[in-house]
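The values are calculated or read from the model by the stated rules, or taken from the named source; none is laboratory data. Given the structure is predicted, the values throughout are model-derived calculations rather than measurements. Cβ atoms come from the backbone with ideal geometry, glycine included; neighbour counts cover every protein chain shown. The area values use the complete protein model at the heavy-atom level, side chains included, leaving out ligands, DNA and RNA. Shrake-Rupley method; radii C 1.70, N 1.55, O 1.52, S 1.80 Å.
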Amino acid sequence: MRVIKVGNCRVEAAYCNLRCPYCTHLEMRSADMNVNEIVSELDGCETVYIGGAEPTIHRDLKDLVEKLAEKGVKVTLKTSGFNPKAVEEVLSFVNMVVLEIKGDFDDLKKLSILIGLNEERTKKYLENFFKTLEAVRKSGKKIRIWARMIENYLDAETLERVMSRIGKVDEVLVYQYLSKPEWDKKVEYLSPPSFEEVVKAGKVAKKFADKVIVVAGGRRFEID
């Protein structure tokens, strides 16, 4: 399995089938590790988060989560939802699936910018996202939606529209997009939303989940 980092009860997988312009994972150094090496590095962990770029494109993922489950480890898997079959294969070994909202489902042009694919591929992404969501619902596993708020692309109003299509979930994580100097040339058209706008989005998310976590302004807190 190609990984960026393993440690602190996390596995950051390399490679992705999306090309989000703000993503730094695609530029990070990675290395090959076999499943036994990864499991050894996670020894002592009661819970493990598997994310990174995109874990589901790795053939070793099922072997990894199965071995962790055998050790009694609770696994959270984060994915874009682009590979529903790969997610279905591992659902019996995970406790929670995190699906990231990339943008407005009703605006293919803007969404295609945010995921770095043409509009035809963006349509396929949306189709697969909902297939993945349906599979996770049927499995009874917990669902967390991760929404990265970006000014003029994903705000409180857009989030409500998107979540209306997704429906009720266990948790929503509302995250404030933050630009960095080294990204400026590549993502100059993307801007961070205000702290107030992110909190507003968090309050909208409460309509769809009992637990809403907001990460903004250097803080992490739950919406009451």
Check your understanding: Using 0.36 nm per residue, how much length does the chain from Arg121 to Tyr22 gain when fully extended, once their Cα-Cα distance is taken away?
Key -> 33.8 nm
Review point. About its Cα centre, how strong a charge dipole does the range 1-114 have in debye, to the nearest 20, once Lys and Arg get +1 and Asp and Glu get -1 at the Cβ?
Key: 240 debye
Review point. Could you work out the helix-only [θ] at 222 nm for the chain, with each DSSP H run of four or more residues adding -39,500 (n - 2.57) and the total divided by the number of residues, to the nearest 500 deg cm²/dmol?
Key: -10000 deg cm²/dmol
**Study point:** Around Leu111: net Lys/Arg minus Asp/Glu count, Cβ-Cβ under 15 Å
**Key:** +2
Exercise for review: Looking at the chain, send over the antiparallel percent of its DSSP beta bridges, to the nearest 5.
Suggested key: 30 percent
Exercise for review: Quick one: which residues, 5 or more positions from Val48 or on another chain, have an amide H under 5 Å from its amide H? H modelled 1.01 Å from N in the peptide plane, none for Pro or chain starts.
Suggested key: Lys74, Val75, Thr76
Exercise for review: Could you go through the range 201-218 in sequence order and give the Karplus-derived ³J(HN,Hα) for each residue, using 6.51 cos²θ - 1.76 cosθ + 1.60 with θ = phi - 60°, rounded to whole Hz, and x for Gly and Pro?
Suggested key: 5, x, 5, 4, 4, 4, 5, 10, 7, 6, 10, 10, 10, 10, 10, 6, x, x
Practice item. Could you tell me the accessible area of Arg2 in Å² (1.4 Å probe, neighbours in place), rounded to the nearest ten? Key: 60 Å²
Review point. Which residue fluctuates the most in the chain, going by a Gaussian network model with Cα springs under 10 Å, if the choices are Thr122, Thr56, Thr47?
Key: Thr47
Check your understanding: Which loop trypsin sites (Lys or Arg not before Pro) in the range 66-128, with loop taken from DSSP, have no more than 15 other Cβ atoms within 10 angstrom of their Cβ?
Key -> Lys71
Practice item. Collect residues whose amide H, placed 1.01 Å from N in the peptide plane, falls under 5 Å from the amide H of Leu173; neighbours closer than 5 in sequence don't count. Key: Ile145, Trp146, Ala147, Ile213
**Study point:** Charge dipole (the range 185-224, unit charges on Cβ, about Cα centre) - positive-most of Ile223, Phe208, Ser191
**Key:** Ser191
**Study point:** Derived scalar couplings ³J(HN,Hα) [the range 73-87; Karplus, 6.51 cos²θ - 1.76 cosθ + 1.60; whole Hz; x for Gly, Pro]
**Key:** 7, 8, 10, 10, 10, 9, 8, 6, x, 6, 10, x, 5, 5, 5
Point to revise | Across Lys109/Lys141; Lys131/Lys203; Lys67/Lys138, pairs whose alpha-carbon gap is larger than 25 Å | key: Lys109/Lys141; Lys131/Lys203
**Study point:** Sequence of Glu197, Glu127 when ordered by accessible area, the most exposed leading, probe 1.4 angstrom
**Key:** Glu127, Glu197
**Study point:** Rounded accessible area per residue of the range 102-203, 1.4 Å, Å²
**Key:** 51 Å²
Practice item. Could you list, by residue number, the cysteines of the chain that have no other cysteine's beta carbon within less than 4.7 Å of their beta carbon? Key: Cys16
Review point. In 5 Å bins starting at 0, how do the alpha-carbon pair distances of the range 60-100 split up by percent?
Key: 5, 26, 36, 22, 8, 2
Check your understanding: Quick one: with all protein chains in place, what share of the accessible area of the chain is carbon or sulfur, to the nearest percent (1.4 Å probe)?
Key -> 44 percent
**Study point:** Candidate aspartates and glutamates - alpha carbon under 20 Å from Lys110, same-chain residues fewer than 8 apart omitted
**Key:** Glu100, Glu119, Glu120, Glu127, Glu151, Asp155, Glu157, Glu160, Asp184, Glu188, Glu197
